[in-house]
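Below is one structure, written out as structure tokens, with a few remarks after it.
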Amino acid sequence: MKRRVFSGIQPSEMIHIGNYIGAVKRWVESQNDAEKENIFCVVDLHALTVPQDPHALRERTLELMALFLAVGLDPDKSILFLQSHVSVHAEGAWLLNCVTPEGWLKKMTQYKDKSAKQETVLTGLLDYPVLMAADILFYDVHEVPVGEDQKQHVELARNIAERFNYHYGETFIVPEPMIAASGARIMGLDDPTAKMSKSSAHIKGHVIRLLDDPKDIERTIMRSKTDSGSEIRFSKDPEKAGVNNLLTIYHALTGKSKEAVEQDFANARGYGDLKKAVAEVVIASTEQIRVRHRDIISDRAELERLMKLGADKARAISEPRLRDVKKKMGLILG
Ligand code: TYM
């Protein structure tokens, strides 16, 4: 039997190379693995957990769907859809809410970080990991490829699945988080001690967005923060976090081994050479994506057709599991 893979991304900002390296690029690899059946979702309901401008959210959602196609996700090979088009997610989250102790949610690191920055903390922000558990569990998923920051949420989904199975009998598959050995936590280019994050995208020099202009990509990388030394090697030393981050980006995008990467810079004259090489690799690996995205986004009718197709396929998988869960919980099926 094929192993089923599910992952998602929020349309809260245009995606950055951290999202690409830690998640989306790996989804494309998973799509090309004959042993896997892949489902990828634009999680627009998750984006509502912090205030959004409705018009901008709609535009970014379409942009992100177009980006799925531009990076090489193929609607004939993977199921690609919009979370809000399939009501199983919201309905399933409610059912899972009713087996999830609130204490589990208050302990989530991301909730603690994000809520500290909000004047008014919305209930949806606290409940966000339960919606994410519903995304995963109602599709009988084995593997969830995500970056390091989502590991705790996938572990929570595991705990919810186990708790449900204990109370109502074997129902949900307990999913595994799949975290890349390298590149699962790309750091900000302005500050290599902080994770590159969509919510810090407004800070100058912090992110490289996948659709950024090559000139902007080059400028951000050339100005990225490094240390006062000159040694170019992978390192866990916090002092060398900037160089380590640049090497990690280069490593992920070239697919070369770490040894080969260090060898490439054995004769470099300083960090300027490293930055130039990283900028070239980032620009080259995103160039086709930018070109394809421009074409795809211009055909809105085709995008809408593909989203509908994906949602139909997603419903066919998740609705039977939803009915099963409702029945087990004592609801009368309509
Ligand atoms: P989101 O939209 O914040 O991020 C999308 C993916 O990108 C990864 N990521 C990173 N990887 C490496 N370095 C970084 N600096 C970096 N920043 C982000 C994230 O780990 C993620 O894999 N709640 C999720 C979306 C979601 C989901 C799901 C994922 C909703 N339902 C079900 C998997 C399964 C989120 O907000 O990701």
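The values are calculated or read from the model by the stated rules, or taken from the named source; none is laboratory data. Just so it is clear, the structure is predicted and the values come from calculations on it, not from any experiment. Using ideal geometry, Cβ is built from the backbone for each residue, glycine included, and neighbour counts are taken over all protein chains shown.
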Inset, instruction - Inspect the range 246-261 for any residue being outside any helix (DSSP H, G or I) and either assigned by TED's automatic domain parsing to the domain that holds Leu62 or modelled with pLDDT under 95 (or both) and give the result as yes or no. - result: no
Inset, instruction - Tell me which of these Arg233 doesn't satisfy, since it passes every other one: (1) surrounded by 13 or more Cβ atoms within 10 Å (Cβ to Cβ); (2) within 16 Å of the ligand (Cβ to nearest atom); (3) assigned by TED's automatic domain parsing to the domain that holds Ala279. - result: (2)
Legend entry - Scope the range 172-216; condition more than 21 Å from Glu280 (Cα to Cα), touching a residue at least 24 places away in the same chain (Cβ under 8 Å), surrounded by 14 or more Cβ atoms within 10 Å (Cβ to Cβ) and of a type in the set (Val, Ile, Thr); matching residues: Ile173, Ile179
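Given the structure, is Val146 within 11 Å of the ligand (Cβ to nearest atom) and either within 14 Å of Ile21 (Cβ to Cβ) or aliphatic (A, V, I, L, M) (or both)?
Against the criterion (within 11 Å of the ligand (Cβ to nearest atom) and either within 14 Å of Ile21 (Cβ to Cβ) or aliphatic (A, V, I, L, M) (or both)), Val146 qualifies.
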Legend entry - Residues that are more than 20 Å from His293 (Cβ to Cβ) and either in contact with a Pro (Cβ under 7 Å, 6 or more places away or on another chain) or near the ligand (Cβ under 9 Å from one of its atoms) (or both), drawn from the range 11-44: Ser30
Inset, instruction - Determine whether Val146 is surrounded by 15 or more Cβ atoms within 10 Å (Cβ to Cβ), of a type in the set (Val, Ile, Thr), in the same structural domain as Ile317 (by TED's automatic domain parsing) and modelled with pLDDT of 95 or more. - result: yes
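Only one of Ala93, Ala70 is out of contact with any Leu (no Cβ under 6 Å at 6 or more places or on another chain) and either away from the ligand (no atom under 16 Å from the Cβ) or not hydroxyl-bearing (Ser, Thr, Tyr) (or both). Can you tell me which?
Working: Ala93 fails: out of contact with any Leu (no Cβ under 6 Å at 6 or more places or on another chain).
Ala70 is the lone residue from the list that is out of contact with any Leu (no Cβ under 6 Å at 6 or more places or on another chain) and either away from the ligand (no atom under 16 Å from the Cβ) or not hydroxyl-bearing (Ser, Thr, Tyr) (or both).
Condition check ((1) within 12 Å of the ligand (Cβ to nearest atom); (2) closer than 15 Å to Asp135 by Cα; (3) hydroxyl-bearing (Ser, Thr, Tyr)) across all residues:
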site: Val154; (1), (2), (3): yes, yes, no
site: Ala157; (1), (2), (3): yes, yes, no
site: Phe164; (1), (2), (3): no, no, no
site: Ile173; (1), (2), (3): no, yes, no
site: Ala180; (1), (2), (3): yes, no, no
site: Ala194; (1), (2), (3): yes, no, no
site: Ser197; (1), (2), (3): yes, no, yes
